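One structure below.
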Amino acid sequence: MGRPPLLLLLVLLLPAATSAGEVGAQLRAFLDTTRTLDARFTQLRVAEEGAGPERATGRLRLLRPGRFRWDYETPYSQLILADGERLWIYDPDLEQASVRPQDGALGNSPARLLSGGLDLDAHFSVIESDRRDQGLDWVEVRPLAQEEEFTEVRFGFAGGVLDTMVMIDNLGYTSNIKFNEMKINIDLDPDAFSFTPPPGVDLLGE
């Protein structure tokens, strides 16, 4: 099983919806009001041709503006961390870390949007939907630029709370991420969003 792609970290909790037509407005409200977020996740990644899903679990923490920490716990450990200036990917099993300038690494991705680095309407189209599937209300977000690495992100809400996110990338993979134990606007330790490679780790990049 290969390493998971850089997730476009789309975990969020939104105010309760009163109709499907208000979901886009709530996404904008989230971008304006969310300061921190802490959630558990389960991710299933499936190829377009229908190969068996790759399953991963872990924890996401978000500290706006510009910082997030995505900790994979199973099937192996991996850290993806944005400290506001740099994006780190650390694999303790391989004893390897890579680092890149954050804005260049994230581009116009949902990860950069949700961490507070992009204007929603300048870079994405938000498509309202009255469709119900899996008992959820859905809203679609699509990049305006054609060269982005994903084609569509779908957010599924249950009672106004983000329950599931589905991301479709340009390689034909669908990543289905289900969230639980979500907490929003709680105090998070800023030190959790900094990273120093342990001694002996190979460093790639800067």
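The values are calculated or read from the model by the stated rules, or taken from the named source; none is laboratory data. Only a predicted model underlies this, so the values are computations on that prediction, with no experimental measurement involved. FYI the Cβ positions are ideal-geometry reconstructions off the backbone, even for glycines, and counts take in every protein chain you see.
Couple of notes before you dig in:
Condition check ((1) in contact (Cβ under 8 Å) with a residue 40 or more places away in the chain; (2) closer than 25 Å to T57 by Cβ; (3) in a loop (DSSP other than H, G, I, E, B)) across all residues:
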position: E140; (1), (2), (3): no, no, no
position: R154; (1), (2), (3): no, yes, no
position: L162; (1), (2), (3): yes, yes, no
position: I186; (1), (2), (3): yes, yes, yes
position: D191; (1), (2), (3): no, yes, no
position: T196; (1), (2), (3): no, no, yes
position: G200; (1), (2), (3): yes, no, yes
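- Number of the exception - L13 against (1) at pLDDT below 70; (2) more than 14 Å from the chain's Cα centre (by Cα); (3) surrounded by 13 or more Cβ atoms within 10 Å (Cβ to Cβ); (4) not charged (D, E, K, R): (2)
- Figure legend. Inter-residue proximity from region 166-182: first residues on the phi > 0 side of the Ramachandran plot, second residues modelled with pLDDT of 90 or more and in a strand (DSSP E or B), beta-carbon distance below 6 Å, spacing 6+ or different chains. Indicated pairs: E181/R40.
- Residue, modelled with the highest pLDDT, within region 75-132, restricted to residues that are hydroxyl-bearing (S, T, Y) and surrounded by fewer than 15 Cβ atoms within 10 Å (Cβ to Cβ): S77
- Qualifying positions in region 133-171 - among the hydrophobic types (A, V, I, L, M, F, W, C), more than 17 Å from L118 (Cα to Cα) and under 14 Å from the mean Cα position of the chain (by Cα): F155, L162, M165, V166, M167, I168
- Being in contact with an Asp or Glu (Cβ under 8 Å, 6 or more places away or on another chain) and charged (D, E, K, R) is not true of E147.
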